[in-house]
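Asker: Below: one structure in structure tokens.
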Amino acid sequence: MNIFAKAAEVLMEKGHHKGDMRNGKGAVCAIGALCDAAGNSEQAVTLADQAAEYLGMARFPSGTLHALARWNDAPERTAEDVILLFKELAVEEGS
């Protein structure tokens, strides 16, 4: 299974969180979902790069993890938005 598809499943199973990578109940942000799906943080950084590029984001000085975190944490962002992003990226990757 494609890692982006796995990340979408992680979000559907654990719930969406903003502000931190995960909360005390296990809900995750976009980056937390990528880390869980990838199994390691190095691969999650590469995946975050792909996601940020797909969203047309300019790189923040601190990198694309920061860009994706800000996108995830936007007040208007919903779990469905993040899940849809990962599903679209999974299709792009040809899962």
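Asker: To two decimal places, what compactness ratio does segment 3-93 give when its Cα radius of gyration is scaled by 2.2 N^0.38 Å? Each step should come with its number before you reach the end.
Answerer: Working: Rg = 11.5 Å, N = 91, 2.2 N^0.38 = 12.2 Å.
The reported ratio for this selection is 0.94.
Asker: In whole percent, what relative contact order does segment 3-93 give with Cα contacts below 8 Å and a gap of six or more residues? If you can, show how the numbers build up before the last one.
Answerer: Numbers: 115 pairs, mean separation 31.2, N = 91.
Relative contact order, segment 3-93: 34 percent.
Asker: Let me have the 222 nm mean residue ellipticity of the chain computed from DSSP H runs of 4+ only, each contributing -39500 (n - 2.57), with the sum over all residues rounded to the nearest 500.
Answerer: Details: 5 runs with 60 residues, N = 95.
Dividing the helical sum by the residues of the chain leaves -19500 deg cm²/dmol.
Asker: Would you mind working out the magnitude of the charge dipole of segment 3-93 relative to its Cα centre, with +1 at each Lys and Arg C-beta and -1 at each Asp and Glu C-beta, to the nearest 20 Debye? Mind dumping the intermediate values first?
Answerer: Values: 9 positive and 14 negative charges, 63 e Å.
The dipole magnitude comes to about 300 debye.
Taken together, the values in this text are just the output of simple stated rules run on the coordinates, not laboratory data. As the structure is a computational prediction, the values presented were derived from the model and not from experiment. For neighbour counting, all protein chains shown are included, and Cβ atoms are generated from backbone atoms with ideal geometry for every residue, glycine included.
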